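Every number here is computed from the coordinates shown, using simple stated rules; none is lab data. Predicted, not measured: the structure shown is a model, and the values here were computed from it. Counting neighbours? That spans all protein chains shown, and the Cβs are built from the backbone with ideal geometry, glycine included.
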Amino acid sequence: MTLAVALAVAFAAASKGSGGNLTLTIGFVALEVIGLWGVFAKSGRPGWWALVPVFDLFVLLRVVGRPWWLAVLFFVPVVDVVVAIVVFHALAKSFGKGVAYTVGLLVLGFVFVPVLGFGSAEYLGPGGAAALD
């Protein structure tokens, strides 16, 4: 989830009178952005790019070796879920992880993204390309 999408969800929830949820959601978003900073840094890109809404999505697609136009599909309801699965699976493979890690990224991204960014996992290239060499 990118910073822009996560904040949009947080503010939509807050408009329904759930201020406590807004704080919690912003905390989860912060954890995921911090983790994305580490992922970008491990892949040889400036980590602060994770702070730039929408641009971070294009960078993530580049990191996982997917085409830039998939970013457009993130704004199409229902299709965005399928694209997220594809992108998160490619992210997991880029760090040598499997399907179970993909599920973790989808369900608990605020935990699994920082683990990728700051844990012992090594970036293998887009989609794990270095593992194939």
Original post:
Based on the alpha carbon coordinates of the range 35-115, what radius of gyration and maximum Cα-Cα distance (Dmax) apply, in Å?
Top reply: 11.8, 32
Original post:
Tell me, what is the percent relative contact order of the range 17-133, built from C-alpha pairs under 8 Å that lie six or more residues apart?
Top reply: 31 percent
Original post:
Can you give me the pair-distance distribution of the range 26-76, C-alpha pairs, 10 Å bins, whole percents?
Top reply: 27, 53, 21
Subject >> PHE55 versus VAL86: modelled label distance in nm, points set 7 Å from Cα along the beta carbon direction >> reply: 2.6 nm
Original post:
Remind me, relative contact order of the range 67-133 in percent, using alpha carbon pairs under 8 angstrom and six or more residues apart?
Top reply: 31 percent
**OP:** For a footprinting-style exposure proxy, rank THR102, THR23 by other Cβ within 10 Å, fewest first.
**Re:** THR23, THR102
